[in-house]
1. If I go through region 104-149 residue by residue, how many of them are open to solvent by 10 Å² or more (accessible area, probe 1.4 Å), closer than 20 Å to Gly29 by Cα and under 11 Å from the mean Cα position of the chain (by Cα)?
2. Pairs needed: first member in region 105-123, over 12 Å from Val90 (Cβ atoms) and among the acidic types (Asp, Glu); second member anywhere, open to solvent by less than 20 Å² (accessible area, probe 1.4 Å) and in a helix (DSSP H, G or I); C-beta distance under 6 Å; at least 6 residues apart or different chains.
3. So Ala203 fits all but one of (1) farther than 23 Å from Tyr2 by Cα; (2) open to solvent by 30 Å² or more (accessible area, probe 1.4 Å); (3) among the small types (Gly, Ala, Ser); what number is the exception?
4. Which one of these does Ser76 not meet: (1) among the hydroxyl-bearing types (Ser, Thr, Tyr); (2) at pLDDT below 95; (3) closer than 18 Å to Ile184 by Cβ?
5. Residue check: is Leu215 under 18 Å from the mean Cα position of the chain (by Cα), modelled with pLDDT of 95 or more and within 19 Å of Ile82 (Cβ to Cβ)?
6. Mind checking which pairs have a first residue in region 61-77 that is at positive phi and a second that is open to solvent by less than 70 Å² (accessible area, probe 1.4 Å) and part of a helix (DSSP H, G or I), Cβ under 9 Å, 6 or more apart or different chains?
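The values are calculated or read from the model by the stated rules, or taken from the named source; none is laboratory data. Keep in mind the model is a prediction, meaning the values are calculated, not measured. No Cβ is skipped: glycine too gets one built from the backbone with ideal geometry, and neighbour counts run over all protein chains shown. Just so you know, the surface numbers come from the protein's heavy atoms only, side chains and all, with ligands and any DNA or RNA stripped out. Shrake-Rupley method; radii C 1.70, N 1.55, O 1.52, S 1.80 Å.
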Amino acid sequence: MYLLPFPIAGGLLAWTTLYFLGFKRQKWGELILGLVAFFIAIVVQSPIQQLPLLGIGIRSNADVLARGTAFVVAVSVWLGLIAGAVQEGVKYFLVKDKSPNAGLFIGLGFGITEVFFIVGTALATALATGEPLDVPASAAVLSMVERYFVVLFHVGTGVYLAYAAQNGFGKKGLIAMIGLHALIDSLAAYYQIMESEPVLYGAELITALAALGLLYYTLPKAKSEPAEEEKVIW
């Protein structure tokens, strides 16, 4: 099956889920702010992750594998920790003076932008290399489910970080979200290096549980916000 429609469908299903859960009034300014937050995070994250590895001669997954299992684990943790710290740090900076409701839409904008960035990157790679984007049906469906829960995870962290800052435990909340995000992305990085399916399924399960747990805790707080529109601070 052709891969690309499936992650897009997953992201849009997450957006639709929020709509039917009561968030019908879209905050377009905050959605755009989430888009900006994603690109800020990517610009900061990539060199921090890659430059130290390049400095010790790591150019590919094969170079990581050649140094043994302990090194694979260390690289996976490094990649996951930086991803968690940068992405949640950028989100926190943008939501800390906003309401949980605004944090929801900033997180949604972040997650949806990530979906289209991943799809665009995959398409550009396929065009450059000539590799097909056809995958087994199970892999296509898994990509949809993955993006569904990842978008909801970003929504949940956006609300949680705004709520934590609003209630005086912003730094503790940030550390908690960095840790959770780092765990998920470390497992994802380990899978990408080792191509271990049990690790992939474990990462997907943790992502789903984290997303659902965050939404259960945070959505009532986002729903309690007043109806008036907030100004977007750029």
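1. Our first condition is that a residue be open to solvent by 10 Å² or more (accessible area, probe 1.4 Å); within region 104-149, this holds for 112-114, 116-139, 141-149.
Pick out the ones that are also closer than 20 Å to Gly29 by Cα and you get 112-114, 116-117.
Then drop every residue that is not under 11 Å from the mean Cα position of the chain (by Cα), which leaves 112-114.
Residues meeting the conditions: 3.
2. Pairs that qualify, where the first residue is over 12 Å from Val90 (Cβ atoms) and among the acidic types (Asp, Glu) and the partner is open to solvent by less than 20 Å² (accessible area, probe 1.4 Å) and in a helix (DSSP H, G or I), are Glu114/Phe38.
3. (2)
4. Ser76 satisfies every listed condition except (2).
5. Working: under 18 Å from the mean Cα position of the chain (by Cα): yes; modelled with pLDDT of 95 or more: yes; within 19 Å of Ile82 (Cβ to Cβ): no.
The answer is no for Leu215.
6. none
A quick yes/no check of all residues on (1) open to solvent by 10 Å² or more (accessible area, probe 1.4 Å); (2) among the aliphatic types (A, V, I, L, M):
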{"site": "Val151", "(1), (2)": "no, yes"}
{"site": "His154", "(1), (2)": "no, no"}
{"site": "Leu161", "(1), (2)": "no, yes"}
{"site": "Leu180", "(1), (2)": "yes, yes"}
{"site": "Leu183", "(1), (2)": "yes, yes"}
{"site": "Leu187", "(1), (2)": "yes, yes"}
{"site": "Tyr191", "(1), (2)": "yes, no"}
{"site": "Pro198", "(1), (2)": "yes, no"}
{"site": "Leu214", "(1), (2)": "yes, yes"}
